[in-house]
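*Asks:* This is the structure I have questions about; it appears just below.
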Amino acid sequence: MYKKISFLTKRDGMTTKDFIDYYENHHVPLILRLAPAPDVYKRHYVVRGDELNLREDDIEFDVVCEVAFADSAAFHRWLDALSAAGSQVPDDEAKFLDRSRHMSFTDDERVTSA
């Protein structure tokens, strides 16, 4: 499976509640309208103020987004579909993300289970 992991930061002045609401109720449906659904499309939101967080003040993102596809070719077909939509995706991201702080990487996942 081919995975892309992204660390995304909310736009300045936006509350966490509004950020999550916009992402889940506006951006995700837009992405799913513009391109075929990834095999996996997860958002892991940072929960601030939890006593188990380590070095919380150093966490400079608000969500980890994970998308997964059967292979690299499927991922690139998805990107092509999103690109064909013109400026819709970047225009929407500007409403809730600080795009200058976006970081991402390709994932080589290893799983150990009992």
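*Asks:* When you go through (1) touching a residue at least 40 places away in the same chain (Cβ under 8 Å); (2) over 20 Å from residue 22 (Cα atoms) one by one for residue 66, which number turns out not to apply?
*Replies:* Failing condition for residue 66: (2).
*Asks:* Could you run through the range 1-14 and say how many residues are in a loop (DSSP other than H, G, I, E, B), at pLDDT 95 or above and either over 19 Å from residue 100 (Cβ atoms) or hydroxyl-bearing (Ser, Thr, Tyr) (or both)?
*Replies:* Residues in the range 1-14 being in a loop (DSSP other than H, G, I, E, B), at pLDDT 95 or above and either over 19 Å from residue 100 (Cβ atoms) or hydroxyl-bearing (Ser, Thr, Tyr) (or both): 1 in total.
*Asks:* Let me ask something else. Specify which of the listed residues (77, 48, 43) is without any contact (Cβ under 8 Å) to a residue 60 or more places away in the chain and closer than 15 Å to residue 23 by Cβ.
*Replies:* Being without any contact (Cβ under 8 Å) to a residue 60 or more places away in the chain and closer than 15 Å to residue 23 by Cβ holds for just one of 77, 48, 43, which is 43.
*Asks:* Against the conditions (1) in contact with a Lys or Arg (Cβ under 7 Å, 6 or more places away or on another chain); (2) at pLDDT 95 or above; (3) not acidic (Asp, Glu), where does residue 106 fall short? Just the number, please.
*Replies:* (2) is the only condition that residue 106 fails.
*Asks:* Give the range 1-16 a look and list any residue that's closer than 25 Å to residue 72 by Cα, among the small types (Gly, Ala, Ser) and over 10 Å from the mean Cα position of the chain (by Cα), or say none.
*Replies:* Answer for the range 1-16, where residues must be closer than 25 Å to residue 72 by Cα, among the small types (Gly, Ala, Ser) and over 10 Å from the mean Cα position of the chain (by Cα): there is none.
*Asks:* Sticking with this one: Give the range 1-28 a look and list any residue that's within 13 Å of residue 41 (Cβ to Cβ) and of a type in the set (Gly, Ala, Ser), or say none.
*Replies:* Within the range 1-28, just 6 meets the criteria.
*Asks:* Here is a list: 39, 80, 57. Which entry is of a type outside the set (Lys, Arg) and closer than 21 Å to residue 9 by Cα?
*Replies:* Selected residue: 57, the only one of 39, 80, 57 that is of a type outside the set (Lys, Arg) and closer than 21 Å to residue 9 by Cα.
*Asks:* Which of (1) farther than 20 Å from residue 7 by Cβ; (2) modelled with pLDDT of 95 or more is the odd one out, the single condition residue 79 does not satisfy?
*Replies:* Residue 79 satisfies every listed condition except (1).
*Asks:* Give me the pairs, please: first residue somewhere in the range 95-114 and free of Cβ contacts under 8 Å to residues at least 60 places away in the same chain, second residue anywhere and not basic (Lys, Arg), beta-carbon distance under 8 Å, and either six or more positions apart or on two chains.
*Replies:* Filtered contacts from the range 95-114: 99/90; 99/93.
*Asks:* Something else: So how many residues does the range 66-106 have that are exposed (fewer than 14 other Cβ atoms within 10 Å of the Cβ) and either polar (S, T, N, Q) or not in a helix (DSSP H, G or I) (or both)?
*Replies:* Residues flagged as exposed (fewer than 14 other Cβ atoms within 10 Å of the Cβ) and either polar (S, T, N, Q) or not in a helix (DSSP H, G or I) (or both) within the range 66-106 amount to 13.
*Asks:* Sort out which residues of the range 29-65 are loosely packed, with under 11 Cβ neighbours inside 10 Å and in a helix (DSSP H, G or I), and write them in order of number.
*Replies:* 29, 33, 57, 58
The values are calculated or read from the model by the stated rules, or taken from the named source; none is laboratory data. Fair warning: this is a prediction, and the values are worked out from it, not measured in the lab. Note that we place each Cβ from the backbone using ideal geometry, even for glycine, and neighbour counts take in every protein chain shown.
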